[in-house]
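What follows is a short report on a single structure.
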Amino acid sequence: MQLEPQYKELLDKALEGSGQRATKQREHIYALLLSQRDHPTADEVFARARSDMPTISLATVYNCLETLAETKLIRQVNFDREPTRYCPNLTKHAHFYCRENGEIVDIDLSDELIDKLMKVLPEGFSAKHIEISYDGRCNHCHDW
């Protein structure tokens, strides 16, 4: 799987800024995450990666995901005791986690809403970012 040129440039700059370089494995994992924005676990990324890169190891996938998260190209998404999932959406958004089917959906957050949330911080506090997670049930699942 190939990265589109703008994402290749973004990857190269982010890795260079952290003293690292792009590898075919990092490019492949990043391309996989961008192609299907469904918040996969590391095991799911590993299964997808092996279809085009059969010799890739699970350890390499974990290392690639860690590097991509450290360089802020993806976000880790965690819900209670569920496995970590990975999100390439870097816009301001929240996540909705359906407890029934495990689906995670991105929810866009407006600048106006972010500003309102920042204003409720106690005096003297400042935040670099806000992380909002909804935990419940989607409309595809039956009533509780």
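Excluding same-chain neighbours fewer than eight residues apart, the aspartates and glutamates reachable from Lys13 by a Cα-Cα span under 18 Å are Glu4, Glu27, Glu66, Glu70. Ordering Asn101, Pro122, Leu32 by the projection of their Cα atoms onto the charge dipole of the chain, which places +1 on the Cβ of Lys and Arg and -1 on the Cβ of Asp and Glu, puts Leu32 at the extreme positive end.
Show that you can apply the helix-only estimate: for the chain, add -39,500 (n - 2.57) for every DSSP H stretch of four or more residues, divide by all residues, and state [θ] at 222 nm to the nearest 500.
Details: 5 runs with 58 residues, N = 144.
-12500 deg cm²/dmol, from helical runs alone.
Dipole magnitude of region 1-138 about its Cα centre, charges +1 at Lys/Arg Cβ and -1 at Asp/Glu Cβ only, in debye to the nearest 20?
Numbers: 18 positive and 23 negative charges, 57 e Å.
Dipole size: approximately 280 debye.
For Lys8, the lysines whose Cα comes closer than 23 Å to its Cα, not counting residues fewer than 8 places off in the same chain, are Lys24, Lys72, Lys92. Which percent of the accessible heavy-atom area of the chain goes to carbon and sulfur, probe 1.4 angstrom? Carbon and sulfur: 49 percent of the exposed surface of the chain. Electrostatic tally near Cys87: other residues with Cβ closer than 9 Å to its Cβ, Lys and Arg +1, Asp and Glu -1, net +2. Straight Cα distances below 16 angstrom link Lys116 to the aspartates and glutamates Asp108, Glu131, with same-chain residues fewer than 8 positions distant left out.
Can you tell me the orientation of helix 5-17 relative to the chain, as the angle in degrees between its alpha-carbon axis and the longest Cα principal axis, to the nearest 10? That helix lies at roughly 90 degrees to the long axis. The length gained on full extension between Thr23 and Asp135, counted as 0.36 nm times the residue separation minus their Cα-Cα distance, comes to 36.7 nm. Seen from Ala42, the other residues with C-beta closer than 13 Å to its C-beta sum to a net charge of -1, counting Lys and Arg as +1 and Asp and Glu as -1.
What full-extension length gain, to one decimal in nm, is calculated for Glu82 and Leu121 as 0.36 nm per residue of separation minus the Cα-Cα distance?
On the way: separation 39, 0.36 × 39 = 14.04 nm, distance 2.89 nm.
Once the chain is fully extended between Glu82 and Leu121, it gains 11.1 nm.
The list [x] 28, 22, 13; [y] 27, 19, 16; [z] 30, 26, 11 gives values of semi-axes √(5λ) of the Cα gyration tensor in Å, and only one came from this structure; which label was calculated from it? Here semi-axes √(5λ) of the Cα gyration tensor in Å agrees with entry [x].
Near Gln2: Cβ cut-off under 11 Å, other residues only, Lys/Arg at +1 and Asp/Glu at -1. The net charge is -1. Start at zero, step by 10 Å, and the Cα-Cα distances of region 10-54 spread as 26, 48, 26, 0 percent across the bins.
Accessible surface calculations at 1.4 Å, restricted to protein heavy atoms, place the chain at 65 Å² per residue. Counted without the sites themselves, the longest stretch of the chain free of GluC sites (Glu not before Pro) in a DSSP loop having at most 16 other beta carbon atoms within 10 Å is 1-99.
Explain nothing, just the number: relative contact order of region 20-92, from Cα pairs under 8 Å at least 6 residues apart, as a whole percent. Display every interim value, and only then the final one.
Numbers: 79 pairs, mean separation 25.2, N = 73.
Relative CO of region 20-92 lands at 35 percent.
Over region 62-116, the hull volume per residue, using the convex hull of the C-alpha atoms, is 103 Å³. Entry note, region 37-132: relative contact order of 23 percent, from Cα contacts under 8 Å with a spacing of 6+ residues.
The values are calculated or read from the model by the stated rules, or taken from the named source; none is laboratory data. Predicted, not measured: the structure shown is a model, and the values here were computed from it. Please note: Cβ atoms are built from the backbone with ideal geometry, for glycine as well, and neighbour counts cover all protein chains shown. We work out accessible area using only protein heavy atoms, side chains counted, and drop any ligands, DNA or RNA first. Shrake-Rupley method; radii C 1.70, N 1.55, O 1.52, S 1.80 Å.
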